[in-house]
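The values are calculated or read from the model by the stated rules, or taken from the named source; none is laboratory data. Treat the numbers as computed from the prediction; the structure is a model and nothing was measured. Cβ sites come from the backbone with ideal geometry, for glycine too, and all protein chains shown count toward neighbours.
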Amino acid sequence: MAAANILKIKSLAFERNDALLFEPVSFELNSGEALHVEGANGAGKTTLFQLLIKMLEPCSGELLFRGQPVSECHFEYLSDILFIGHQSAVKAALTASENLSWMSPQGTSSEKIAAALQSVGLEHYANVPCYRLSAGQHRRVALARLMTTSASLWYLDEPFAALDKQGVDFIEGCMQNHLNRGGSIVFSSHQDLVKIAARSYRLNPFREVV
Amino acid sequence: MYNYLSAGFMAYLRRDLLLGIRNKSDLVKPLIFFLLVSALVPLAIAPEAERLSQLAPGIIWIFAVLATLLSVERLFSDDLQDGSLEQMLMSPNLLIMPILGKITAHWVVIGLPLTLLSPVIGVWFSLPTIAVMPMMLSLAIGTAVLSLIGAVGAALTLPRQGGVLLALLVMPLYMPVLIFGSAVIQSAVDGLDWTAPLAILAALLAIAVALCPLAINAGLRLAKNG
């Protein structure tokens, strides 16, 4: 059986200061597939993610989710995506467990939250305020959401930043499990990944032809 | 759909209440300001009971407005910095519910303690006992309106922390609350019917609940996209 089409991007473009930021983006993503967005610093990877999560509006192009324009299935789309960006959204004054609790879908049990924290190696920090954690541990709290989410489409912008080898292995494992379950992932990273079989998409800064 | 709406409201109410309790200095600062300046006024003006009770309605309300203004500017700026505003904006829930959850938490952390402390201020200002309940009612309703209007200013002045611009933006909108809030206490002090200005305050609250979240929503999206 052919894999279902989850995401289709047609000539998505974004303008800043009246100039295109990158060459129009087109790609398709099926269930069980991962797409690695590559590009130099400043190429517009984060902006592309902002367009995908509807934080920014493109100047042209189309975004289709399960064959439907996102503008027609806004609620379904936003309910079925997970985005983890550069900023971890972790509140320093809250404990790791409290942070994960508010970031997880409603009704996520405390057992599931404890298990997610255990899987990122933070079981002994569950009740420790996050201001006492290191930058890498902050990142792990944010990435523990991968264990509690029910979203099928993950957008991960530099998920391996600030992580040690063990952390990278864990996230790769999470991503592979998600793909095996039929989920889809769009991610950006400057690291070479071992476990994830992902297609690559090169994001090129827009150069005007004169 | 109801579950989605209430989930958005409750998640942000619970989170911001926890944050309010943990960041005690943010909670205490406006309350200390409210108490300190209220304590200084009777010392600066001649401590005559009759004179103080005449000044009390306006003074209590001016201090309540300033204390709320002090606390409201960080309502969204911390969320913008740590990325949680982005998560809120991409929530599938109707955005006004998380916004209302945050503002309700702000009122519980700032407006409610101001209301509960106000009888102490009433004693310092020799406010007649009969005016205490109207004062508390006016502060309970009025500070909720102040939180809502202040949140509009906080959203519109992002990504900076409001400061002078925030004060300039919201002060004109705070005026009706100040006027009708002090009118409630003044009427009670003078032995007049105080329910009419209180009803106007309640009407202002209803209008603010209906309109402010829409303006905040637009302001936050503008700040994030800008």
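List of remarks:
This table checks each residue for (1) part of a helix (DSSP H, G or I); (2) modelled with pLDDT under 90; (3) within 12 Å of chain B (Cβ to nearest Cβ).
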site	(1), (2), (3)
A:Gly32	no, no, no
A:Phe49	yes, no, yes
A:Leu63	no, no, no
A:His86	no, yes, yes
A:Glu98	yes, no, yes
A:Trp102	yes, yes, yes
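- One residue from B:Thr143, B:Thr195, B:Thr157 being β-branched (Val, Ile, Thr), touching a helix residue (DSSP H, G or I) at 6+ places or on another chain (Cβ under 9 Å) and without any contact (Cβ under 8 Å) to a residue 40 or more places away in the chain: B:Thr195
- Number of positions in the stretch A:44-78 that are crowded, with 16+ Cβ neighbours inside 10 Å and among the small types (Gly, Ala, Ser): 1
- Verdict on A:Gln106 being modelled with pLDDT under 85, surrounded by fewer than 17 Cβ atoms within 10 Å (Cβ to Cβ) and not assigned by TED's automatic domain parsing to the domain that holds A:Ala34: yes
- Qualifying residue in the stretch B:178-189 (condition: over 30 Å from B:Glu50 (Cα atoms) and either over 15 Å from the mean Cα position of the chain (by Cα) or modelled with pLDDT of 90 or more (or both)): no
- Subset of the stretch A:104-143 that is of a type in the set (A, V, I, L, M, F, W, C) and under 20 Å from the mean Cα position of the chain (by Cα) - its residue that is nearest to the other protein chains (Cβ to nearest Cβ): A:Ala142
- Filtering the stretch A:65-75 to residues that are modelled with pLDDT of 90 or more and either within 8 Å of another protein chain (Cβ to nearest Cβ) or within 17 Å of the chain's Cα centre (by Cα) (or both) leaves only A:Phe65.
- Qualifying position, being touching a residue at least 60 places away in the same chain (Cβ under 8 Å), away from chain A (no Cβ under 14 Å), in a helix (DSSP H, G or I) and out of contact with any Pro (no Cβ under 7 Å at 6 or more places or on another chain), among B:Leu100, B:Leu117, B:Leu112, B:Leu85: B:Leu117
- Checking each residue in the stretch B:21-67 for being over 15 Å from B:Ile185 (Cβ atoms), touching a Pro at 6+ places or on another chain (Cβ under 8 Å) and aliphatic (A, V, I, L, M) picks out B:Leu27, B:Leu31, B:Ala67.
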